[in-house]
Amino acid sequence: MAFTKASGYTNLPNGNFSPIIYSQKVQKEFRKSSVVEDITNNDYFGEIASYGDSVKIIKEPEISVSDYARGTAVAAQDLADADFSLVIDQANYFMFKIDDIEAAHSHVNFMDLATDRAAYKLRDTFDSEVLGYMAGYEIDKAPFQADGTTANPNFGKWIPRTAANGTKADTTAGADELLSTNRISGATFGLADAGGTSAAGTVHPLTAVPLSATVSASTVTPLQVLNRIARQMDQANIDTDGRYFVADPVFYEMLMDEDSKFVNADFGGGDEVRNGRVGNGLVRGFKIYKSNNLPYYGNGAGVVTTAGSETDFGVGVAGHSSCVASAQQLAKTETYRDTGSFADIVRGMQLYGRKILRPEGLFTVNYNVA
């Protein structure tokens, strides 16, 4: 540390009496909560082994019930054996190395620190990708457009998915495997549509729900959103036990603003956040989760647009725990000597797959602050 000295003072002129001390307490980055493992089922976890594996899932056959009168000739029904596939087509890895000299002279264990961070990053990437899949989005990973030279303006941003993962569980679902009737937007509440026509690029065809803490003719409250999804789930005969709702902090700020008694009435106290879950109670029959890994358009839900936006909004996901399967496996973690230097290399790879099993029980909602 450089201390100031009086003019003409020459004792210990280089300041070497004051050493620099490096703390052994490392400041770690803040970490996001992971929710996917809490809201998806892992029934097929034990059936995957390597990248490219495909698990065939047989659907329950539909049965016809007919009237019967004495003497009626009856006929046996042919049973269907329809199936769809869970494909293990996602793989992520990390790799770093620590030189022997660095390891010998470092005051902290960088290998342990980096390995711990790598494990978190794998989990965070998995959480973000699966939540995006459930909401009908993916990160655009193409740096260039089709001509191979023009920069892609959507590179690194969330875009709507245009291809199904394996075989769709419901043939009436869209390319993103979601049902159009389960997409909650401003039009769901009878509000005007902004007129967007293309899901590619920066304008979405669905106008977001304009959220407000108070009920009005032109806005919708967060509890109204939950009420509508709950009603549609009831009409679709979705089990009440196992329902969840995931949204970003903007949605929950509006929810708190809507009802000052919200925490006491619906949460019942207890832990505030655990694996992304907010509180330990139910809100309108839903377990409530908060996540920063959900997809968003433009600058997200915080952009104020009183009539609902098609360019800046967040996306929430509601469903039942049986609706989406996730199967993950950390295929390999290894440490070995670098042949080109005196260093240890640590690398790891994670394999996983995800599949929408019951699209009738999976809902999305686009929203922004009104």
Spot the failing condition for Lys141; the list is (1) surrounded by 14 or more Cβ atoms within 10 Å (Cβ to Cβ); (2) part of a loop (DSSP other than H, G, I, E, B), and only one is missed.
-> (1)
Note on segment 304-337: residues within 23 Å of Gln232 (Cβ to Cβ), under 15 Å from the mean Cα position of the chain (by Cα) and among the small types (Gly, Ala, Ser) are Gly314, Gly316, Ala318, Gly319, Ser321, Ala325
Name every residue in segment 237-264 that is of a type in the set (Ser, Thr, Tyr) and either at pLDDT 95 or above or closer than 22 Å to Asn182 by Cα (or both), in order of residue number.
-> Thr240, Tyr244, Tyr252
For Ala325, are the conditions met, namely being of a type outside the set (Asp, Glu) and under 20 Å from Thr181 (Cα atoms)?
-> no
Listed by first then second residue, the pairs whose first member lies in segment 102-124 and is under 23 Å from Gln90 (Cβ atoms), whose partner is of a type in the set (S, T, N, Q), with beta carbons under 8 Å and at least 6 positions apart or on separate chains, are Leu122/Asn92; Leu122/Gln350; Arg123/Ser34; Asp124/Ser34; Asp124/Asn293
Only unsatisfied item for Val225, checking (1) within 23 Å of Asn368 (Cβ to Cβ); (2) loosely packed, with under 14 Cβ neighbours inside 10 Å; (3) at pLDDT 95 or above, is (2)
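Per-residue answers, yes or no, for (1) touching a Leu at 6+ places or on another chain (Cβ under 8 Å); (2) surrounded by 22 or more Cβ atoms within 10 Å (Cβ to Cβ); (3) of a type in the set (Gly, Ala, Ser); (4) free of Cβ contacts under 8 Å to residues at least 40 places away in the same chain:
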residue	(1), (2), (3), (4)
Val283	yes, no, no, no
Asp312	no, no, no, no
Ala318	yes, yes, yes, no
Ala325	yes, no, yes, no
Lys332	no, no, no, yes
Asp338	no, no, no, no
Ser341	no, no, yes, no
Ile345	no, no, no, no
Gly348	yes, no, yes, no
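Yes/no matrix, rows are residues, columns are (1) at pLDDT below 95; (2) touching a Phe, Trp or Tyr at 6+ places or on another chain (Cβ under 6 Å); (3) at negative phi:
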{"site": "Lys287", "(1), (2), (3)": "yes, yes, yes"}
{"site": "Gly348", "(1), (2), (3)": "yes, yes, yes"}
{"site": "Leu357", "(1), (2), (3)": "yes, no, yes"}
{"site": "Asn366", "(1), (2), (3)": "no, yes, yes"}
For segment 196-210, indicate whether the set of residues that are modelled with pLDDT under 95, over 21 Å from Ser33 (Cβ atoms) and in contact with a His (Cβ under 9 Å, 6 or more places away or on another chain) is non-empty.
-> yes
Pick from segment 265-280, criterion buried (at least 16 other Cβ atoms within 10 Å of the Cβ) and assigned to a loop (DSSP other than H, G, I, E, B), ranking: modelled with the lowest pLDDT = Gly279
Checked segment 327-370 for anything under 30 Å from Arg243 (Cβ atoms) and of a type in the set (D, E, K, R); matches are Arg354, Lys355, Arg358, Glu360
First in segment 159-178 and touching a residue at least 24 places away in the same chain (Cβ under 8 Å), second anywhere and of a type in the set (Val, Ile, Thr), Cβ under 7 Å, 6 or more apart = Asn165/Val87; Gly166/Val87; Ala169/Ile356; Glu177/Ile356; Leu178/Thr364
Which of the residues belonging to segment 70-108 are among the small types (Gly, Ala, Ser), farther than 23 Å from Thr339 by Cβ and part of a loop (DSSP other than H, G, I, E, B)?
-> Gly71, Ala73, Ala75, Ala76, Ala80, Ala82
Residues of segment 144-165 being hydrophobic (A, V, I, L, M, F, W, C) and surrounded by 13 or more Cβ atoms within 10 Å (Cβ to Cβ), in sequence order, are Phe155, Trp158, Ile159, Ala164
Return yes when Asp140 is charged (D, E, K, R), without any contact (Cβ under 8 Å) to a residue 60 or more places away in the chain and in contact with a strand residue (DSSP E or B) (Cβ under 9 Å, 6 or more places away or on another chain) and no when it is not.
-> yes
Identify, by number, the condition in (1) without any contact (Cβ under 8 Å) to a residue 24 or more places away in the chain; (2) within 21 Å of Met349 (Cβ to Cβ); (3) acidic (Asp, Glu) that Glu129 doesn't meet.
-> (1)
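The values are calculated or read from the model by the stated rules, or taken from the named source; none is laboratory data. This one's a predicted model, so the numbers in the text were calculated from it and none came from an experiment. Please note: Cβ atoms are built from the backbone with ideal geometry, for glycine as well, and neighbour counts cover all protein chains shown.
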